[in-house]
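The structure appears right after this line, and notes come after that.
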Amino acid sequence: MSDSALLRPGAGPDDDLVTPSSGGPAGSREDAAGDPRAQAGAQGAALAGAEGSRPRLLLVDGHSMAYRAFFALPVENFSTTTGQVTNAVYGFTSMLINVLRDEAPTHVAVAFDVSRETFRAQEYAEYKAGRAKTPAEFSGQVGLVKEVLAALRVPVVEKEGFEADDVIATLTTQARAQGFEVLVSTGDRDALQLVDDATTVLYPRKGVSDLVRMTPDAVEERYGVRPQRYPELAALVGETSDNLPGVPGVGPKTAAKWLAAHDGLDGLVAEVDQLKGKAGQSLRDHLDQVLRNRRLNRLVTDLDLPVVVDDLVVAPWDREEVHRVFDALEFRVLRERLFATLATPEPEAEGGFSVRVARPRGAAEVRRWLDALGDAAVGVHVLGRWGAGTGEATGLALAAADGTAAWFSLAAAAGKAGTDGEGPAEAADGPAEGSVLDDEGRAVLATWFADPGRAKVVHDAKGPLQALAGAGLAVAGLAGDTALAAYLCRPDQRSYDLADLALRHLHRELRVEEEEREQGEEEPQLTLDVDGPATPEGAPDPAPGAAVRAAAVAELDDVLAAELAERGGTALLAELELPLVGVLARMEARGVAADGAQLRALEDQFAATVEEQAEAAYAVIDRRVNLGSPKQLQEVLFEQLEMPRTKRIKTGWTTDAEALADLLVKTDGHPGSGFLVHLLAHRDASRLRQTVEGLLKTVAPDGRIHTTYQQTIAATGRLSSTDPNLQNIPIRTEEGRRIRRAFVVGEGYESLLTADYSQIEMRIMAHLSGDEGLVEAFRSGEDLHSFVGSRVFAVEPADVTPAMRSKIKAMSYGLAYGLSAFGLSRQLRIAVEEARGLMDEYFERFGGVRDYLRGVVDEARSTGYTETILGRRRYLPDLTSDNRQRRDMAERMALNAPIQGSAADVIKVAMLGVERAVAEQGLRSRMLLQVHDELVLEVAPGERDALEALVREQMAGAAELSVPLDVSVGVGTSWHEAGH
DNA sequence: CAGTTGTACAG
DNA sequence: TACTGTACAACTGA
């Protein structure tokens, strides 16, 4: 196997590549996909068609089909947000899924060419020469095709020195001998020589979705010869794609006629002298070339391959890997199609959960049950709903990892349940009142929940905690959160769904495998499945499903804690993220007061401006269009008004504000420039109106806006804010700032206080890089950008002009984002050369920064991850991608992640400190909002000075850096006034 | 009706 | 060809 490779997904060197072995305990490996048990027994069952019928082998020429797809699908419609072009992968994958579905093969493989150094090129140096160089955008996709195949567990077969066709011919020959039916999917006509009664070539007619079945009759109809004769015909006619010239003056018609008349090429050659006319002479002149063509297009059928046909049994695909790969490629629809059209193999799941559900209701029962729990953390799963800072719980399950579980019905508000967040939407406990926890039982449960010594583990705890609080159950002792743990392990994931985690880390489906009643329980209507028979009252019994989830959480907690420990994240979870859960829950619950009247007045005003500007714009172009439609705007600007084209985007030319401003400068005096002015004004007002309307919709009955913080979204460790997003309230324009004025101090409080870190990212960069100049800049207390500017431009700090300062500012911040000279030149609207000069000068003066930035990428490349000051990791596998776009993107992420992430660490520490100190000092003031480097607090009467001191101390002291953490504080009756 | 695209706001 | 997010309207396609 030294000169060939059989590539299989996630296979380490020890793996038997072809026949997954069985045995080995679950969890014995880190990688769920590699768990042999997960696959055992499922072989062939997933995709196979009618069992017992003739076996069918599907062979695909990977290179050929992907290449077809590359030219069939427009590049501009297929690329990821990171810029990776995916048209070939998409087309190939789509084709593969269709063929697997339609043909239901029992065996499958994809063959690839290994290199151009084939025996054919050795015989004929011009073989395949003259082909346009493979576009780089295509080459980069071959690896991705292989990733998809790995995820689908479709074996890839290659043989050094041979083409995919030879591999296919060899496998076809073997399979036919074993009585297989064979399907060959390729865009290479050489494969037509393989066609016979048992072998069909699926040849792409147009693109890759439309495949023609080339049977012997179809070949004959199309080319006039039987399939075995096809290569003889091709030898005569030539094959331009392989740079094999044919006999001049001889086309397929003549060639077919000759072959028929002389019983093939051998006969034709023997009788070549008898041929008449120009064509005959031409053949005689080119006979050597024809014979060479025939040698070259003869496929090799006896290669020594590392696999035999029996190894190619269709295997269940790797669900986790499919998610990962399809996510990365942003193939949402395709993934849906995969799961919808090809029965999911469920390979990773080896079963569900066994639970024994008790239903204690009275105090004694509850106490006895709780006491019976060991010391291990207890999984908690809450049913109910939550969001925007509040919630109500209708029931909850507690479970130990061994499946011992209890269900507690809190069904006070039955009937309208449905959850916000991860829990299943289920009605409140259906059964009669008797099953609801009684008041004394509830009190016992409340005591247990409030006991910090009783460890609880919850999945995505913030919402459930709010729901429990709504039910009078305050929770202390949150010892784990499986969503947070998973996030810290792999912060780039799209979601941390409990079912997915259970599958990935426990290799089990989130379902009830078996439920036993607890000893002494008399509960006749238990059902075995959440979706199973309904209880007499008509509602499904929520207990088993909740119990399973609680048990899964308890079990997952152990596994994830171990994984997190390996990644050095234990303290980060226990000391930062977990304590923060409660802090965020309280901040959400508090909300921030909104001045409704002011918001409504703004809404009217912005709406009026929108109206005016729209009318004015229509007047210029003499018609009404939808100014919010980029498509219609393009028509107006570039066709009707014939303005110069802007930057290209997928759907034409951009109409974004930056481009329009450029256009305005260029077209000053142009009859349509008035349109631009009104359009821009319309955009601004319309955006502001939207923002205000959005905010108004979220004002709660208490007159406050309660955002929801997401703790597991941003890959760098930042929080995010949704519904509404309070982290992007306008501030840069005067109009926008008026919205901030509508965020006001609430009743019973005297003011709002904002406290923000100044230049925290630059300070972190100074700390991490240790650059002496930058460190000195911060220690000097001088204005940062003036200080840096004075060094870069070699002038006194006082002589740094505003223009110089703003250039420096842009550059300093850009550096942390991986800014290029090109990017800087665009940002500053200066020449690339000038930008490059600026950067060179900058790095000359602050060489430590350059060394640091370089080093951080190098280290990430070798370790696979970046790290923040608190050890928060971000894994960036694309750093070693052979695709430049992806690699560059990953490098910029690597530059930015430690800086942005460390800043996130720092403010999170500060938040814990502020919350704790406020409590310790017995202040009534409270923290309301976090905006990445800023905290907003509501000041209780008389506490202003104490609060300011406390906040400054906690924020400045949140980390020990080599430069001071400067905090600026402002106070006022609105967010705007408190700002600075 | 769900998903994608373009635009725009924040740090 | 600057990182991290969220929201919205328009458009697209199953």
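The values are calculated or read from the model by the stated rules, or taken from the named source; none is laboratory data. Keep in mind it's a predicted model, so treat the numbers as computed, not measured. Quick reminder, even Gly has a Cβ in these numbers, built from the backbone with ideal geometry, and neighbours come from all protein chains shown. With ligands, DNA and RNA removed, areas are computed over all heavy atoms of the protein, side chains included. Shrake-Rupley method; radii C 1.70, N 1.55, O 1.52, S 1.80 Å.
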(request) Find which of A:L912, A:G789, A:V60 sits farthest along the positive direction of the dipole of chain A, computed with +1 on the beta-carbon of Lys and Arg, -1 on that of Asp and Glu, about the Cα centre. (result) A:G789
(message) I'd like the orientation of helix A:319-329 relative to chain A: the angle between its Cα long axis and the longest Cα principal axis, in ° from 0 to 90, rounded to 10.
(response) 90
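Report the relative contact order of chain A, percent, no decimals, based on alpha-carbon pairs under 8 angstrom and at least 6 residues apart.
Numbers: 1828 pairs, mean separation 93.4, N = 980.
It rounds to 10 percent for chain A.
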(request) Count charges around A:D888 for me, please; just the other residues with Cβ under 14 Å from its Cβ, Lys/Arg as +1, Asp/Glu as -1. (result) +2
(request) Report, in whole Å, the centroid distance computed from the Cα atoms of the stretch A:890-930 and the stretch A:276-345. (result) 54
(request) Let me have the 222 nm mean residue ellipticity of chain A computed from DSSP H runs of 4+ only, each contributing -39500 (n - 2.57), with the sum over all residues rounded to the nearest 500. (result) -13500 deg cm²/dmol
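Once R0 is set to 22 Å, what does the formula 1/(1 + (r/R0)^6) return for the Cβ-Cβ distance between A:D327 and A:R648, expressed as a FRET efficiency to the nearest 0.05? Can you show the working numbers first?
Values: r = 27 Å, r/R0 = 1.24.
Once the sixth-power term is evaluated, E becomes 0.20.
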(request) For the stretch A:172-259, calculate the relative contact order in percent as a whole number, restricting contacts to Cα pairs under 8 Å that are 6 or more residues apart. (result) 20
(request) Determine which residues of the stretch A:296-331 fall in the zone a paramagnetic label at A:A125 would reach in this model, i.e. backbone nitrogen under 14 Å from the point 7 Å along Cα→Cβ. (result) none
(request) Write down the percent of antiparallel bridges among all DSSP beta bridges whose residues are both part of chain A, to the nearest 5. (result) 65
(request) At most 12 other Cβ atoms within 10 Å and a DSSP loop assignment: could you name the trypsin sites (Lys or Arg not before Pro) in the stretch A:581-654 that fit? (result) A:R623, A:R624, A:K647, A:K650
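So if each residue of separation counts as 0.36 nm, and I subtract the Cα-Cα distance between A:R887 and A:R213, what length gain in nm does that give?
Numbers: separation 674, 0.36 × 674 = 242.64 nm, distance 4.04 nm.
Stretched fully, the A:R887-A:R213 segment lengthens by 238.6 nm.
Magnitude of the Cβ-charge dipole of the stretch A:835-899, K/R +1 and D/E -1, about the Cα centre, nearest 20 debye? Could you put the intermediate results ahead of the total?
Details: 12 positive and 11 negative charges, 47 e Å.
Dipole about the Cα centre, nearest 20: 220 debye.
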(request) Compute the distance in nm between two label points, each set 7 Å from the Cα along the Cα-to-Cβ direction, one at A:D196 and one at A:D604. (result) 8.7
(request) Using a cut-off of 13 Å between beta-carbons, work out the net charge of the residues near A:G773 (Lys and Arg +1, Asp and Glu -1, A:G773 not included). (result) -3
(message) Filter A:K647/A:K697; A:K206/A:K278; A:K697/A:K807; A:K206/A:K650; A:K650/A:K908; A:K159/A:K650 down to the pairs with a C-alpha to C-alpha distance above 29 Å, please.
(response) A:K647/A:K697; A:K206/A:K278; A:K697/A:K807; A:K650/A:K908; A:K159/A:K650
(request) Using the charge dipole of the stretch A:235-364 (Lys, Arg: +1 at Cβ; Asp, Glu: -1 at Cβ; taken about the Cα centre), state which of A:L296, A:F339, A:V325 has its Cα farthest towards the positive end. (result) A:F339
(request) With a 1.4 Å probe and every protein chain kept in, tell me what percent of the accessible surface of the stretch A:760-901 is carbon plus sulfur. (result) 47
(message) For the stretch A:633-706 and the stretch A:727-788, what is the centre-to-centre distance using only Cα atoms, to the nearest Å?
(response) 29
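Would you please put A:932-945, A:204-217 in order of how densely packed they are, using the mean number of other Cβ atoms within 10 angstrom per residue and starting with the highest? Don't skip to the answer; put the middle values down first.
On the way: A:932-945: 19.0, A:204-217: 16.5.
Averaged packing, sorted descending, gives the order A:932-945, A:204-217.
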(message) Along the charge dipole of chain A, pointing to its positive end and built from +1/-1 on Cβ of Lys, Arg, Asp and Glu, which listed residue (A:T93, A:A714, A:Y230) has its Cα farthest out?
(response) A:Y230
(request) Measure nothing fancy, just the Cα-based angle from helix A:87-103's long axis to the longest principal axis of chain A, in degrees from 0 to 90, nearest 10. (result) 70
(request) Would you mind working out the magnitude of the charge dipole of the stretch A:760-901 relative to its Cα centre, with +1 at each Lys and Arg C-beta and -1 at each Asp and Glu C-beta, to the nearest 20 Debye? (result) 560
(request) Could you list which residues have their amide H under 5 Å from that of A:A471, counting only those 5 or more apart in sequence or on another chain, with H placed in the peptide plane? (result) A:A393
(request) May I ask you to derive the FRET efficiency for A:T801 and A:R779 from their Cβ-Cβ distance with R0 = 22 Å, giving the value to the nearest 0.05? (result) 0.35
(request) Taking only protein heavy atoms into account and a 1.4 Å probe, give the accessible area per residue of the stretch A:760-901 in Å². (result) 47
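Contour minus end-to-end for A:D668 and A:A946, with contour as 0.36 nm per residue of separation and end-to-end as the Cα-Cα distance? Could you put the intermediate results ahead of the total?
Values: separation 278, 0.36 × 278 = 100.08 nm, distance 5.61 nm.
Length difference between fully extended and current span is 94.5 nm.
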(request) Using the Cα centre as the reference, give the magnitude of the dipole from point charges on the C-beta atoms of chain A (Lys, Arg: +1; Asp, Glu: -1; all else neutral), rounded to the nearest 20 debye. (result) 2820
